[in-house]
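Here the structure is laid out as structure tokens; the discussion comes afterwards.
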Amino acid sequence: MTKLILIRHANPAIDERKPAHEWPLSDVGRERSRLLGERLRDLGLDRVIASEEMKAAETGQIVAEILGIPFETAPGLHEHVRPKANWMGREQFEAQVAALLNRPDELVMGAETADEAHERFSSAVQTALERYPHQTLAIATHGTVMTLYIARLVGIEPVAFWKSIGMPAFTIVDLERGEIVTSMNDL
């Protein structure tokens, strides 16, 4: 089995004056990242590769430190591009993301369609897998692109999956079979 562990970043320190891609982890997020690292201890991970966005990079770095394994960031693993997204309430944000996931070929929000985000993210994951072909990798990333990747890989409805993943969360996928091995959303 070729497995890949996809990690959604931990809780950010939300600053309504800044776009989400600039948010670092909160104190709670850092503590939950440590707990996540302990939870992943028995999975035989060899390396953590993270999005270059601060909250995912911090999550990945903390996990790698806990496990004593190499850590790096890589381009293309960042969240769906929405550089000028204004702060919106949870209900409005969830409606926007649901529209993005349900109409993947339309520019619903941000600067790329869901199809474009999926293509970029999938390409970055493939690059990582090819660079480290005999290693078990964890990719620390973001909810929307993680959802797009997993939903298309295993054929599940994306909105329900997106709503189910916490901060942090992880999903192990079997890349050969196109199946979810396990998910953890309860930290």
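Here are the numbers for this structure:
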item	result
Mean Cα-pair separation over length for the range 48-94, i.e. relative contact order, pairs under 8 Å, 6 or more apart, %	40 percent
Check: the range 39-143 dipole with +1 on Lys, Arg Cβ and -1 on Asp, Glu Cβ, in debye	240 debye
Cα-centre dipole for the range 3-184 with unit charges at Cβ (Lys and Arg positive, Asp and Glu negative), debye to 20	300 debye
Lysine pair number, Cα distance threshold 21 Å (strictly under), the chain, separation 8 or more or different chains	4
Selected from 113, 141, 101, residue furthest toward positive end of dipole (the range 94-187; charges at beta carbon)	141
Cα pair count fraction exceeding 20 Å, expressed as % - the range 3-184	50 percent
Residues 183, 33 arranged by fewest to most Cβ contacts within 10 Å	183, 33
Among 29, 49, 81 the positive-end extreme of the charge dipole of the chain (Cβ point charges)	29
DSSP beta bridge pairing in the chain, given as percent antiparallel to the nearest 5	50 percent
40, 148, 153 arranged by Cβ crowding within 10 Å, fewest neighbours leading	153, 40, 148
Computed helical MRE - 222 nm, the chain, DSSP H runs ≥ 4 contributing -39500 (n - 2.57), nearest 500	-13000 deg cm²/dmol
Note, ³J(HN,Hα) from phi for the range 28-45, Karplus 6.51, -1.76, 1.60, rounded to Hz, x at Gly and Pro	4, x, 5, 5, 5, 5, 5, 4, 4, x, 5, 5, 8, 3, 8, 8, x, 5
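Taken together, the values in this text are just the output of simple stated rules run on the coordinates, not laboratory data. These figures come from a predicted structure and were not determined experimentally. All Cβ positions, even for glycine, are placed from backbone atoms using ideal geometry, and neighbour counts span all protein chains on display.
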